[in-house]
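Read the structure below first, then the notes.
The values are calculated or read from the model by the stated rules, or taken from the named source; none is laboratory data. No experiment lies behind these values; they were computed from the predicted model shown. We place every Cβ from the backbone using ideal geometry, glycine too, and count neighbours over all the protein chains shown. All accessible areas refer to the heavy atoms of the entire protein, side chains included, with ligands and DNA or RNA removed. Shrake-Rupley method; radii C 1.70, N 1.55, O 1.52, S 1.80 Å.
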Amino acid sequence: MKLLRGLSFLFVLACSTVQAQQFGLSFSYFIPKNGYFSTPISPFSIRGLGFDINRFLAIETGGSLYRMSGLGVKDLPFETKDAIVGPNFTVLVPVELVIQLKGSRVEFDIKGGAFGFYGFSQKINYGNLDRAIRKDMNWQVVNSDFSFKNKPGWGYHAGAELTVYVTQQVGVSLETNYLMGQSKFPMTGSFTGGNTTLETRQVSYNDAKIDLTGLEFSIGLIFDSGQGKAGPPKKKRRRR
């Protein structure tokens, strides 16, 4: 929980530096490597909050609450590309360095950094888990029962954003980020199955990790009251 408190502090600190006259709306989605298409929980998502170091560099943070439809689990003793956990709610907080290339009507940002995340209301997808164990054991039937320890995770991300200002106060943004993260998810339990006869095995998957690897993309509108500022404004965006 120390990781979550630290990320929350960074989020609040960055929010305090953003000018109140700037805001925006956008739609952000996540496509995991081994999982299901996931959507944001409106309106609990704010991204692009921070401050300029100079004209070309900025520090940004924010936070998003996702409804993850399903995520993969790696470092299991068998291979599977199906989602093993989900659906759940996942809080994601990035901290990133942004390279800003600004024009009179266009801004292109290159960004990268780290992020922390934590999944609430975790569930095991027993249909996919039993199918993976059945394939690994070469059995006809499997019925498993596991307990797990849910822990916060972290990772790295990199991406780019293109913003085109239709007017001095209104812009359209397109953003894509690639995320590579994981969180420890040790599993202990048993499974029963077989072919002609049934047997039960006790197992522990202590190295199991939730795999938060995938592509995040968004499209949105940015609004600014102007107030005499020249060029594209520094953004404050509420993502939905």
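Normalised by the residues of region 53-152, what does the relative contact order come to in percent, with Cα pairs under 8 Å and at least six apart?
26 percent
Close amide H pairs (under 5 Å, H built 1.01 Å from N) link THR213 with LYS33, ASN34, GLY181, residues at least 5 positions away or on another chain.
ILE84 sits among other residues whose Cβ lies under 11 Å from its own Cβ, and their net charge, with Lys and Arg +1 and Asp and Glu -1, is +2.
Measuring only protein heavy atoms, the 1.4 Å probe finds ASP75 accessible over about 80 Å². Do any chymotrypsin sites (Phe, Trp or Tyr not before Pro) in region 55-135 lie in a DSSP loop with no more than 14 other beta carbon atoms within 10 Å, and if so, which? Answer by residue number: PHE56, PHE78. Charge tally around HIS157: other residues with Cβ under 9 Å, Lys/Arg +1 each, Asp/Glu -1 each, net -1.
What number comes out for the charge environment of LEU212, summing +1 per Lys or Arg and -1 per Asp or Glu over other residues with Cβ under 13 Å away?
On the way: positive: LYS33, LYS74, LYS151, LYS184, LYS209; negative: ASP211, GLU216.
Summing Lys/Arg as +1 and Asp/Glu as -1 gives +3.
Taking the charge dipole of region 24-166 about its Cα centre, with +1 at Lys and Arg Cβ atoms and -1 at Asp and Glu Cβ atoms, the residue from TRP154, GLY70, ILE110 reaching farthest to the positive side is GLY70. Applying a DSSP loop filter and a limit of 10 other Cβ atoms within 10 Å to the GluC sites (Glu not before Pro) in region 30-113 leaves GLU79.
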